[in-house]
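Bear in mind these aren't lab numbers, they're just calculated from the coordinates by the rules spelled out. Remember, predicted model here, so these are calculated numbers, not experimental data. Heads up, the Cβs are rebuilt from the backbone with ideal geometry, glycines too, and the neighbour counts pull from every protein chain shown.
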Amino acid sequence: MSPQREWFEKDYYAVLGVQPSATDKDLSRAFKKLAKQYHPDANPGNAAAEERFKEISAAYDVLGDTTKRAEYDEVRQMVASGVGPDGAGGFGFGPGDGGRTFRFETDGGGIGDIFGNLFGGGGGRRRGRAATGPQRGRDLETELFLQFDDAIRGVTSTVRFRADASCSTCAGSGAAPGTMPETCPQCHGAGTIADNQGPFSFSQVCPTCGGRGQIIPTPCPTCGGRGVEVRAREVKVRIPAGVDDGQRIRVKGRGGAGANGGPPGDLYVIVHVGGHTLFGRSGTDLTLRLPVTFAEAALGADIKVPTLDAQVTVRIPPGTPSGKVLRVRGKGVSADGTVKAGDLLVTVDVQVPVNLTSAQREAIEHLAEVLEDDPRAALFASVQDRRRRDGES
């Protein structure tokens, strides 16, 4: 395998949190631990975790392979001696390096240009000429507004936006109707050409086709040979049950169209969930405020409460204070139907009667006379205890 530019810039050992002397077992253990922590399935909608997972996977792809790891270690030794991907510093090859060929890949900048100049200009591509080979499309982002019930149960919806799409005239080939792209005569479809310079072998993007492997004698009049055009698009998106407000849903391959035969990017849909007249939400739990009368709170009662599906009966224990939270298990949100449903959290809200009739007032006055408990006794007892302690000291 050829050394990659990223090897000069990335410390894969640091990415996995191990020392360069780590054994294969150490590397495997570190990778499994980090992969489990940052796997997209364990962090749905978390773009930062997804990028971290890609970084961890890339590091282990190199260090977990004996051959790649040996080549990577050689590159890192070059970096330690002052050589970077842009040619800073110089190679100090020792006697053990005699007869060895080092092969570098370049897309028009960096180390390929530096050594191309050192060996007569044949190794690197000419500066200022950018590679125009297959390019992955851009990742796109759009928004979708959902009703509360749709977010809880899941729904398939359509998002509309304007973005790059495969050209409607040439179907993405870049060639005018009635014509076809042709294989590049210089690289024969490979997209790159090799140039050996002594101990170095350089692979550079083909200057004729720009790395595409094909040339287009008659470009499409609509897209100018790019194969993509900007137009209105509609994409159907399956929103999983239990999606939360602000969550990002990834739709693979439905982003911007790739250029020159490259793959499309991904589409990220940011979901906004509307409120509900009765229910609130906290993760997979639903919340509900339940008004009860003073008598129900004091004496206890069995009260019917609504859920997303049907009514259930909640028992109010005698002497329940206002603000008490009662839990109805399994009546919350089930994320995508695969995760155990959350609970319904019912907050008791004791209602104080207003606009009393004469009979109601008389009944409450009688209750006040027979109630002997003083709800504020503890307040004054605390003050008296403190004064007593201060006097003793």
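Suppose the chain between residue 21 and residue 169 were pulled fully straight at 0.36 nm per residue; how much longer would it get relative to their current alpha carbon spacing?
Details: separation 148, 0.36 × 148 = 53.28 nm, distance 5.63 nm.
Taking residue 21 through residue 169 to full extension adds about 47.6 nm, to one decimal.
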At what distance in nm do the modelled label points of residue 299 and residue 42 sit from each other, each positioned 7 Å from its Cα along Cα→Cβ?
-> 5.4 nm
Determine the gain in length on full extension of the stretch residue 55-residue 245; use 0.36 nm per residue of separation and subtract their C-alpha separation, reporting nm with one decimal.
-> 65.6 nm
Please list, or write none, the lysines whose alpha carbon is within less than 23 Å of the alpha carbon of residue 236, excluding same-chain residues fewer than 8 places away.
-> 252
Residues in the stretch 16-41, backbone N under 14 Å from the label point at residue 80 (7 Å along the Cα-to-beta-carbon vector): list them, ranges by number please.
-> 19-22
Around residue 173, with a cut-off of 12 angstrom between Cβ atoms, what is the net charge of the other residues, counting Lys and Arg +1 and Asp and Glu -1?
-> +1
One finds, for residue 360 and residue 238 with R0 = 56 angstrom and r their Cβ-Cβ distance, a FRET efficiency to the nearest 0.05 of 0.50
With label points set 7 Å from each Cα along the Cα-to-Cβ direction at residue 368 and residue 310, the distance between them in nm comes to 4.6 nm
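Stokes-Einstein D for the stretch 280-354 at 25 °C, 0.890 mPa s, Kirkwood Rh over Cα pairs, in µm²/s? The partial results should precede the final answer.
Numbers: Rh = 12.9 Å.
Translational diffusion coefficient: 190 µm²/s.
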Subtracting the Cα-Cα distance from 0.36 nm times the residue separation, let me have the gained length for residue 139 to residue 70 in nm, one decimal.
-> 21.4 nm
